[in-house]
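As structure tokens, the structure follows; a few thoughts come after it.
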């Protein structure tokens with residue numbers, strides 16, 4: 001999978017699952033809903049990596065970084081892409097009240113990460129890197145990537161990233177692209193990631209590049 005397809009995989013290849021037909025409830029207790037329900041769940045198509053070496057080779061930036069702040073970004077609603085079913089899944093669908101709902105907006109959480117260690121790529125300790133992940137809450141509606149384990153501000157992570165010239169970096173995958181860094185320096189894989197990593201593994205990967 002190319003970096004361009006990693007960048008948009010969770011939307012372009014997604015089936016968006018409406019989690020329940022009833023309106024959801026936001027933090028204030030007010031019911032909020034969309035045509036897709038609340039929460040809206042993105043079901044993305046991501047690569048699966050078999051080894052730590054695969055992760056390391058694919059990423060163009062591998063850093064340990066502490067998340068210092070976050071913001072939620074809502075992209076524009078998807079536009080009509082013509083009558084070709086390959087580019088517009090709604091082509092030929094009934095019009096009016098019988099028409100299916102338009103695809104949901106792309107909602108991402110963008111974290112500002114302060115680099116504390118570099119294992120690959122053009123960065124140095126003290127640099128700040130923006131990292132995006134699918135999902136966030138907008139107007140009381142939750143948007144969730146079905147394989148995403150949320151990151152948290154003030155936590156430190158080992159990140160395997162694809163970088164882009166005009167947008168925040170993206171994790172190689174929601175499950176395998178990040179490891180929680182413990183106070184003792186240990187690396188903990190996210191749920192769904194069978195690849196374990198130790199400090200000695202990172203040293204060996206960097207030495208072999």
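The values are calculated or read from the model by the stated rules, or taken from the named source; none is laboratory data. Computed from a prediction, not measured in an experiment: that's the story for all the values here. Every residue, glycine among them, receives a Cβ derived from its backbone with ideal geometry; neighbour counts consider all protein chains shown.
Laid out as a table, the results:
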| item | result |
| --- | --- |
| Wholly within region 93-209, strands (runs of 3 or more DSSP E) carrying at least 2 residues that are touching a residue at least 12 places away in the same chain (Cβ under 8 Å) and touching a helix residue (DSSP H, G or I) at 6+ places or on another chain (Cβ under 8 Å) | 107-120, 156-162 |
| Among (1) surrounded by 15 or more Cβ atoms within 10 Å (Cβ to Cβ); (2) under 19 Å from residue 42 (Cα atoms) - the single one residue 117 does not satisfy | (2) |
| Meets criteria (at pLDDT below 90, touching a strand residue (DSSP E or B) at 6+ places or on another chain (Cβ under 7 Å) and surrounded by 12 or more Cβ atoms within 10 Å (Cβ to Cβ)) for residue 89 | no |
| In region 165-182, residue nearest to the chain's Cα centre (by Cα) [restricted to those that are at pLDDT 95 or above and surrounded by fewer than 22 Cβ atoms within 10 Å (Cβ to Cβ)] | 168 |
| Top-ranked residue in region 43-60 [being in contact with a helix residue (DSSP H, G or I) (Cβ under 7 Å, 6 or more places away or on another chain) and surrounded by 18 or more Cβ atoms within 10 Å (Cβ to Cβ); ranked as modelled with the lowest pLDDT] | 44 |
